[in-house]
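Presented below is the structure to which this report refers.
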Amino acid sequence: MPQTEITEPVSVLDKAGRPQNFGWARSSILSYDHNLLSAPHRSISEGDRYVLVSSSHVVCFEILDDGYLGYHFLSVVPLREKTCFSKTLLTNFSLGCLDLPINSDIGSIKFKQKKGLINFACMDGGVKLIKVDIPDFSRHQGLRGEVVLTPPPGAESLLTNMTWWRKKGEAFLLSRKSPWYFAEGVIQFGSSDLVFTRGEGWGIFDWTRGVRPPSDLRFWAVGCGLSGDHQVAFNTGYSSADSSAGTENAFFLDGKLHKLDQVSFHIPSGRLVPWRFTSNDSRFEMTFTPQQERDENHQMFFYSLKQRQLFGFFSGKVILDDGSKFEFKEIAGMAERRKSRL
């Protein structure tokens, strides 16, 4: 079934707060306003996530308001070592109090308490700024620094608006994936400096807004880096939502989006075992060699959030929109399985 590309500005909600206009777009023309939603706060899910990537480290920052639980997650993953470091700060019954912006291009998010500071800010020209200061991040070591994320010229994002297969009431998922930023800055972790420089440091932006069904299962894999003289990036994923109008799958070459159809994750049993990815149209094949793995589970009354994250290197090949073939090797990134239930 052909996917539906949206090329004119539209709202993903009608005047009654019901989801509409399902499909995908190359820029932020899908507007969202949570003030229109009639769904209970416990079902509204809004999140901003940034992943910083280099050949030696992956650093993750995430702020998620999942209704019953406010989730602030930070992780430092050395790709050549066997230990990862992370910290999770929780806000019970957040119910919208994190006040996340309704637009992925404007506004800022600041989380500040005695345990530290996390700040995401949108600047002019599509630039993003990340600030962090967590005095006791992991093993009595602090995490602090600033990183500036700059988009490549003419970069395209992947925006998708999906509903659920079985029409779970008002449930829908709006997402933006922008995996191609140039990252410049320094994150101090204890006595070590994690340095991100232009051409050797990359930033990935994952933005989601929507209304959750009673249960959801999502898979996601993303990476960014250099292949020869080209910047390459990809976003692949699927969930229990209906993606027939527009999948979350795309390959990016120097910031330009090449749309993919369905991509399957072939996940073997066992830990740190290579994964395989294939597309239904034979345009995309990829292998993932994980170097690190971490699990996280949160339970509060009848709400649960479980995720498995792996970090490592991707290699594969893709047929671009013009029919040419492109191969890439050893692109750093991460893969994830996340399940939530009310």
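What the table shows:
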{"read-out": "Single residue of L74, L30, L69, L64 found to be buried (at least 18 other Cβ atoms within 10 Å of the Cβ), closer than 22 Å to W220 by Cα and in contact with a Leu (Cβ under 6 Å, 6 or more places away or on another chain)", "value": "L30"}
{"read-out": "Selected residue [closer than 25 Å to P78 by Cα and either of a type in the set (K, R) or in contact with a helix residue (DSSP H, G or I) (Cβ under 8 Å, 6 or more places away or on another chain) (or both)] from R176, R198, R209", "value": "R198"}
{"read-out": "Set L194, L159, L143: member being farther than 16 Å from V58 by Cα, part of a strand (DSSP E or B) and touching a residue at least 60 places away in the same chain (Cβ under 8 Å)", "value": "L159"}
{"read-out": "Residue under evaluation F302, criteria (1) of a type outside the set (V, I, T); (2) in contact (Cβ under 8 Å) with a residue 24 or more places away in the chain; (3) farther than 30 Å from N92 by Cα; (4) surrounded by fewer than 16 Cβ atoms within 10 Å (Cβ to Cβ), criterion not met", "value": "(3)"}
{"read-out": "Search result, residues across the range 221-238 that are surrounded by fewer than 19 Cβ atoms within 10 Å (Cβ to Cβ) and under 15 Å from the mean Cα position of the chain (by Cα)", "value": "Y238"}
{"read-out": "Test: residue in the range 114-135 that is in a strand (DSSP E or B), modelled with pLDDT under 90, in contact with a Leu (Cβ under 7 Å, 6 or more places away or on another chain) and farther than 19 Å from L174 by Cβ", "value": "no"}
{"read-out": "Any strands (runs of 3 or more DSSP E) falling wholly within the range 45-94 and containing at least 3 residues that are within 18 Å of D206 (Cβ to Cβ)", "value": "57-65, 69-78"}
{"read-out": "Hits in the range 68-98 (condition: over 19 Å from the mean Cα position of the chain (by Cα) and farther than 23 Å from D193 by Cβ)", "value": "Y68, L90, T91, N92, F93, S94, L95, G96, C97"}
{"read-out": "Any hit, the range 1-18, residues being surrounded by 20 or more Cβ atoms within 10 Å (Cβ to Cβ) and of a type in the set (S, T, Y)", "value": "no"}
{"read-out": "Enumeration of residues in the range 1-16 that are farther than 15 Å from M162 by Cα and of a type in the set (G, A, S)", "value": "A16"}
{"read-out": "Hits in the range 191-209 - residues which are under 26 Å from E336 (Cβ atoms) and not acidic (D, E)", "value": "S192, L194, V195, F196, G201, W202, G203, I204, F205, W207, T208, R209"}
{"read-out": "When residues of the range 99-147 are limited to those that are more than 21 Å from the chain's Cα centre (by Cα) and acidic (D, E), the one farthest from I204 (Cα to Cα)", "value": "D136"}
{"read-out": "Filter result for the condition that a residue is over 23 Å from F120 (Cβ atoms) and modelled with pLDDT of 95 or more, over E285, E293", "value": "E285"}
{"read-out": "Matching residues, the range 265-284, being over 30 Å from I44 (Cβ atoms) and either small (G, A, S) or surrounded by 16 or more Cβ atoms within 10 Å (Cβ to Cβ) (or both)", "value": "S269, G270, W275, F277, T278, S279, S282, R283, F284"}
{"read-out": "Count of the range 197-233 residues which are without any contact (Cβ under 8 Å) to a residue 40 or more places away in the chain and of a type in the set (D, E)", "value": "1"}
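Here is a yes/no grid of residues against (1) more than 19 Å from R49 (Cα to Cα); (2) out of contact with any Asp or Glu (no Cβ under 6 Å at 6 or more places or on another chain):
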| residue | (1), (2) |
| --- | --- |
| L159 | no, yes |
| G169 | yes, yes |
| L173 | no, yes |
| F182 | no, yes |
| G185 | no, no |
| V195 | yes, yes |
| R198 | yes, no |
| G201 | no, yes |
| D206 | no, yes |
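The values are calculated or read from the model by the stated rules, or taken from the named source; none is laboratory data. Predicted model, so just to flag it, every value in this text is computed and none were measured. Cβ atoms come from the backbone with ideal geometry, glycine included; neighbour counts cover every protein chain shown.
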